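Since the structure comes first, as structure tokens, the remarks are kept for the end.
The values are calculated or read from the model by the stated rules, or taken from the named source; none is laboratory data. The structure presented is a predicted model; accordingly, all values stated were derived computationally and were not measured. Virtual Cβ from ideal backbone geometry, glycine too; neighbours counted across all protein chains shown.
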């Protein structure tokens with residue numbers, strides 16, 4: 001395979017390996033190198049770009065660290081995927097956001113039960129101690145690949161017999177009459193634990209995004225609190241700022 005060639009600047013203070021890494025990264029993110037594509041071998045890339053194999057190896061290492069390629073023994077380097085961006089601020093549900101962009105979203109419901117949640121959840125939902133709520137834990141897939149694990153806490157009147165595989169926003173609005181108009185979120189970097197790694201089909205101690213979300217109604221009442229773990233190599237938030 002021959003990929004689009006770009007002359008590397010030998011006089012630039014930017015290392016050659018980084019120039020090559022960013023060139024291939026751009027081709028992946030622009031869709032010119034599709035998911036599943038095999039990159040040329042280290043020797044072929046070295047010949048195409050007139051650099052050493054050590055330079056190529058370092059560039060590929062950087063791409064692998066970003067989750068853009070996967071190096072497989074006996075197979076070579078394969079383009080895995082580019083990250084899916086979600087733009088903030090936004091109030092569309094994850095299902096609606098992904099489906100609007102042409103992605104197929106499915107869910108496995110891992111847990112559904114009545115619980116007394118941790119104090120942080122009760123405080124966020126403005127509920128008194130020992131209040132029982134509905135807890136729903138789901139593993140969500142995008143285009144049949146594990147993408148995130150979400151744990152949501154919902155009002156106690158929500159029935160455990162509901163179909164929780166789709167949008168919880170649509171459920172709360174269409175079935176229970178809540179109108180969600182605002183929210184607050186926090187985003188933290190983290191490392192996957194053993195259970196998260198198993199569910200997300202990755203390895204322990206891989207980068208993840210931990211996102212906490214509180215949905216508010218048109219009366220400014222908190223209605224849903226969720227804690228979600230996203231695969232860090234498949235997702236990122238983009239924040240729009242205006243002056």
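Laid out as a table, the results:
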item	result
Number of positions in region 163-186 that are touching a helix residue (DSSP H, G or I) at 6+ places or on another chain (Cβ under 7 Å) and surrounded by 15 or more Cβ atoms within 10 Å (Cβ to Cβ)	4
Tally, over region 59-70, of residues that are in contact (Cβ under 8 Å) with a residue 12 or more places away in the chain, surrounded by fewer than 17 Cβ atoms within 10 Å (Cβ to Cβ) and over 19 Å from the mean Cα position of the chain (by Cα)	0
Strands (runs of 3 or more DSSP E) within region 154-243 that include 1 or more residues farther than 26 Å from residue 119 by Cβ and modelled with pLDDT under 90	207-217, 235-239
Criterion: assigned by TED's automatic domain parsing to the domain that holds residue 104 and at positive phi - qualifying residue of 162, 173, 130	130
Candidates 140, 112 - the one that is part of a strand (DSSP E or B), in contact with a helix residue (DSSP H, G or I) (Cβ under 9 Å, 6 or more places away or on another chain) and either in contact (Cβ under 8 Å) with a residue 24 or more places away in the chain or within 27 Å of residue 200 (Cβ to Cβ) (or both)	140
Options 99, 48, 21; residue that is surrounded by fewer than 19 Cβ atoms within 10 Å (Cβ to Cβ), under 24 Å from the mean Cα position of the chain (by Cα) and either at pLDDT below 85 or more than 30 Å from residue 227 (Cβ to Cβ) (or both)	99
Exclusive hit being in the same structural domain as residue 169 (by TED's automatic domain parsing), out of contact with any helix residue (DSSP H, G or I) (no Cβ under 9 Å at 6 or more places or on another chain) and under 13 Å from residue 148 (Cβ atoms), set 209, 191, 216	209
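Each row is one residue, and each column tells you yes or no for (1) over 17 Å from residue 109 (Cα atoms); (2) crowded, with 18+ Cβ neighbours inside 10 Å; (3) touching a residue at least 12 places away in the same chain (Cβ under 8 Å); (4) touching a strand residue (DSSP E or B) at 6+ places or on another chain (Cβ under 7 Å).
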{"position": "155", "(1), (2), (3), (4)": "yes, no, yes, yes"}
{"position": "160", "(1), (2), (3), (4)": "no, no, yes, yes"}
{"position": "188", "(1), (2), (3), (4)": "yes, no, yes, yes"}
{"position": "205", "(1), (2), (3), (4)": "yes, no, yes, yes"}
{"position": "221", "(1), (2), (3), (4)": "yes, no, yes, no"}
{"position": "231", "(1), (2), (3), (4)": "yes, yes, yes, yes"}
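Residue by residue, here is whether (1) assigned by TED's automatic domain parsing to the domain that holds residue 203; (2) surrounded by 13 or more Cβ atoms within 10 Å (Cβ to Cβ); (3) modelled with pLDDT of 90 or more holds:
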site	(1), (2), (3)
72	no, no, no
89	yes, no, no
106	yes, yes, yes
125	yes, yes, yes
